[in-house]
Amino acid sequence: MITLLNTHLDHKMTALIGILFTYAATFLLLKFGTGILPRDGGREFAHDGKLSQGKPRGAGFLFILTFAVSALLFLPISTDELIYIIMLLAAMLTGFLDDCSKNPWGELKKGLLDFAIALTTAITYVNFNSSTFEIPFMSNPVTIPPVLFVILATVLIWVSINVTNCSDGVDGLSGTLSVITLLTIFGIGRLKGMDPNDTYMLLIMVSCIMSYLWFNATPSLMMMGDAGSRALGFFIAVAILKTGSPLLYIPVAFMLIVDGGLGLIKVSLIRFLKIHILKNTITPIHDHVRKRLGWSNTQVVFKFAIIQILISFTLIWLLLS
């Protein structure tokens with residue numbers, strides 16, 4: 001018993017050291033290593049897009065690499081976790097190569113790469129876990145055919161990658177919402193008895209993002225780019241799968257979904273079904289509230305964060321009841 005307790009404490013202390021190391025390492029890399037990153041050209045289609053011109057883009061390349069190294073150094077990584085980290089790096093690299101490209105990759109190319117990453121991850125999850133999951137606030141878990149679970153998990157991961165990517169357009173917004181979402185998943189994981197290794201991994205990622213936000217707060221010095229936003233979307237999806245309650249993705253990432261997801265729905269309906277919705281709404285929503293309602297960048301971040309915190313707080317309270 002004493003041996004087991006000491007082992008747990010040693011693991012916990014190692015994880016804590018890893019979290020602190022990750023923050024410091026990420027900070028130093030972002031402080032002195034952005035010379036290797038591409039520079040933003042300023043997006044004409046985005047509200048105030050020209051303000052980002054010349055800033056380092058693709059900082060996600062640095063903080064996702066730091067996360068991967070820290071996780072491997074400080075946590076006992078299982079086979080499936082190793083595959084998730086490899087897929088996380090793949091999501092980061094596809095985004096980073098797009099960040100570096102003079103001619104942005106087309107939607108089809110990026111969508112297919114996201115699909116390949118999502119499918120591989122979904123198959124890995126079912127292989128090492130099961131096709132059983134919990135429906136929130138229902139006592140009995142549900143088991144579905146593994147093939148159907150793989151399809152649904154692939155959709156979840158693909159959607160999470162893209163809505164998080166679309167939300168990255170205001171200084172500090174995507175990072176702040178991702179931190180709130182991951183800390184909410186951490187709380188859910190602790191309530192549901194999630195593997196401590198997975199919860200520590202969540203905190204290591206939060207540490208990376210917090211260090212990045214030091215430089216990304218308005219007015220930002222750098223941007224995470226697709227390298228960061230796509231990887232974060234992937235990580236959030238895998239994290240919610242590991243809680244055993246994938247449907248909780250909707251409330252824990254609600255503001256990411258609203259901000260980035262409405263634009264995906266709008267464009268998809270127009271492109272594939274010729275159906276026009278939200279004609280008077282600019283997407284992503286963060287552009288709508290800035291241009292139509294006159295919100296500043298700081299107001300967007302704070303107000304979106306407040307809404308997500310309230311939703312997350314309510315969700316945790318309901319799960320505790």
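The values are calculated or read from the model by the stated rules, or taken from the named source; none is laboratory data. Quick caveat, the model's predicted, so the values are computed rather than measured. Backbone-built Cβ (ideal geometry, glycine too); neighbour counts: all protein chains shown.
Before moving on, here are some points about what is shown:
- Qualifying residue in segment 266-275 (condition: surrounded by 15 or more Cβ atoms within 10 Å (Cβ to Cβ) and modelled with pLDDT under 95): yes
- Check on Ile240, over 22 Å from Lys303 (Cα atoms), β-branched (Val, Ile, Thr) and surrounded by 23 or more Cβ atoms within 10 Å (Cβ to Cβ): yes
- Exactly one residue out of Ala153, Ala118, Ala122 is free of Cβ contacts under 8 Å to residues at least 40 places away in the same chain and either surrounded by 16 or more Cβ atoms within 10 Å (Cβ to Cβ) or within 18 Å of the chain's Cα centre (by Cα) (or both), and it is Ala122.
- Residue tally, condition under 19 Å from Ala237 (Cα atoms) and of a type outside the set (Asp, Glu), over segment 130-141: 6
- Considering segment 153-211, the residues that are acidic (Asp, Glu) and outside any helix (DSSP H, G or I) include one that is modelled with the lowest pLDDT, namely Asp195.
- Where a residue in segment 218-245 is within 15 Å of Gly175 (Cβ to Cβ) and its partner, wherever it lies, is in a helix (DSSP H, G or I) and charged (D, E, K, R), with Cβ under 7 Å and at least six apart: Gly225/Asp99; Asp226/Asp98; Asp226/Asp99; Ala227/Asp99
- Checking each residue in segment 279-321 for being of a type in the set (Lys, Arg) and either without any contact (Cβ under 8 Å) to a residue 60 or more places away in the chain or within 17 Å of Gly175 (Cα to Cα) (or both) picks out Lys279, Arg292, Lys303.
- Residue check, Leu108 out of contact with any strand residue (DSSP E or B) (no Cβ under 7 Å at 6 or more places or on another chain), of a type outside the set (Val, Ile, Thr) and modelled with pLDDT of 95 or more: no
- Enumeration of residues in segment 270-315 that are over 25 Å from Ser178 (Cβ atoms) and assigned to a helix (DSSP H, G or I): Ile270, Arg271, Phe272, Leu273
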